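Have a look at the structure below before the remarks.
The values are calculated or read from the model by the stated rules, or taken from the named source; none is laboratory data. Please read all numbers here as calculations on a predicted model, not as lab measurements. Every residue, glycine among them, receives a Cβ derived from its backbone with ideal geometry; neighbour counts consider all protein chains shown. What goes into the accessible areas is simple: the full protein's heavy atoms, side chains included, and nothing from ligands, DNA or RNA. Shrake-Rupley method; radii C 1.70, N 1.55, O 1.52, S 1.80 Å.
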Amino acid sequence: MDHDLRLVYFPVRARGEPVLLLLVDSGVPFDLEEIPLVTWAQWKKTRQITNDKFPYSALPVLHARHKVTPNEPKAFVFAETSAVLTYLDETLDPAGTTLERELPLEVRVRIQMVKEAALFAMVRILGMSGGSEWLAPPQRTTIWGIVNRYLRDTENALSELESSIRVVPLETDRLRGMTSAVATTISLVTQVFPPIRGMLRNDGEYKRCGKLWIAVLERPRIAAYWKENKIEAKPWSITEYGTAEWIAKAAVSFDHPQQKLDSEGRSAGGSDEEGFPPVDWSHPLPLHISYVPVSETTVERDHEAPFSLRFDALVAGIINGISPDQLSKNIRYFSTKTQCWTLSLEIHSTLARSLAPAELSETQFEDAGAECRLISFLEASQQCRPIYVPPRQYAVHGVT
């Protein structure tokens with residue numbers, strides 16, 4: 001079938017890459033039109049961005065042409081990456097191949113879930129790239145949390161899908177939209193956080209994600225196209241801070257500079273089993289910390305503070321995202337250690353009227369398997385004493 005395909009996008013990777021992966025791997029002839037951002041801005045001013053050419057006034061779009069009736073080819077224009085992938089999943093399948101729509105409903109829904117989650121995670125990360133500090137702390141910590149949750153949930157979803165479909169494609173299989181979306185997002189997060197490659201190994205936390213990613217990038221047509229067109233060097237977003245060079249510079253500046261990884265993600269030496277540098281426990285925390293009493297003025301200010309508080313969506317998002325598992329992973333990342341042996345939590349509450357949310361948090365932590373103790377702020381201030389964290393043990397104090 002003559003599809004007459006033309007992909008239109010900016011000269012970046014991002015949401016156009018999953019579509020490009022499918023087109024390249026299929027071997028079907030296609031055209032790639034990259035519109036410079038300056039041209040796009042000019043088209044907006046002159047009202048040249050119309051729905052017949054750019055549905056939803058957005059990119060990427062796919063121009064396609066195929067026969068709706070035996071003798072009447074018809075042209076189509078699709079926007080939104082997910083919709084384009086769905087179209088290509090069906091039209092690029094060779095005759096006799098089981099189409100996704102022929103699978104059981106629950107399997108189709110899971111496939112769609114994995115695909116949408118990959119695209120959402122990528123857009124969410126790249127949506128932060130508007131400023132020069134988007135990859136610096138504390139924003140880097142936020143992105144690290146997004147990436148960890150995405151990989152963990154995708155690993156679980158792929159595990160559930162394995163009983164119904166082959167999630168890691170063979171070289172003879174045709175690439176699918178779900179697979180290309182996941183591979184694209186993993187390519188992004190491994191550039192932002194190179195040490196994640198160690199977690200994608202066969203003995204890592206996210207081995208299915210890693211196998212899928214490698215299987216996609218090593219497919220002959222894709223590997224050749226990526227090399228010929230230097231895709232790895234292309235920017236991820238349209239901002240000046242989304243280039244491959246900027247992302248690599250941030251990884252060197254804010255991650256562990258002493259860590260060296262080879263092409264397969266293995267540590268080149270001087271690190272532990274997952275590629276993180278060893279921690280020097282020869283200098284533990286000091287055994288004596290001076291006690292500073294809480295003044296009456298401070299206590300009174302704490303009593304008055306709740307009356308001036310307002311809802312903050314950012315703070316709410318952070319609190320809702322708290323979990324013992326995520327705290328453990330954050331500790332591992334910032335301390336360069338790969339395992340957190342003990343996780344204990346104390347929730348301090350200032351007033352009796354603020355105990356309700358604190359009690360809810362206590363219940364959620366305990367349900368998740370953490371040891372949690374709820375004490376009042378004043379009681380805690382009088383119990384201040386030297387804290388010793390012995391080797392291979394962490395104490396985490398969350399203040400609510």
Inset, instruction - Rank-order 144-155, 10-21 by packing density, defined as the average count of other C-beta atoms within 10 Å over each peptide's residues, highest first. - result: 10-21, 144-155
Inset, instruction - Between beta-carbons, use under 12 Å as the cut-off and find the net charge around residue 164, counting Lys and Arg +1, Asp and Glu -1. - result: -1
Inset, instruction - Tabulate in residue order the Karplus-calculated ³J(HN,Hα) for the range 238-250, using 6.51 cos²θ - 1.76 cosθ + 1.60 with θ = phi - 60°, rounded to whole Hz; enter x for Gly and Pro. - result: 7, 7, 6, 9, x, 6, 4, 5, 5, 5, 5, 4, 5
Legend entry - Listed residue pairs exceeding 26 Å between alpha carbons, taken from 44/249; 115/211; 115/234: 44/249
Inset, instruction - Can you work out the accessible area per residue across the range 1-48, with the rest of the protein chains kept in place, probe 1.4 Å, in square angstrom? - result: 52
Inset, instruction - For the range 29-45, take each phi angle, set θ = phi - 60°, evaluate the Karplus expression 6.51 cos²θ - 1.76 cosθ + 1.60, and give the result in whole Hz per residue in order, putting x for glycine and proline. - result: x, 8, 10, 10, 10, 9, 9, x, 4, 4, 5, 4, 5, 5, 4, 5, 5
Legend entry - Sorted peptide list for 197-209, 179-191, 48-60, criterion being average Cβ within 10 angstrom, highest first: 179-191, 197-209, 48-60
Inset, instruction - Compute the signed sum of charges (Lys and Arg +1, Asp and Glu -1) over the other residues within less than 12 Å, Cβ to Cβ, of residue 212. - result: +2
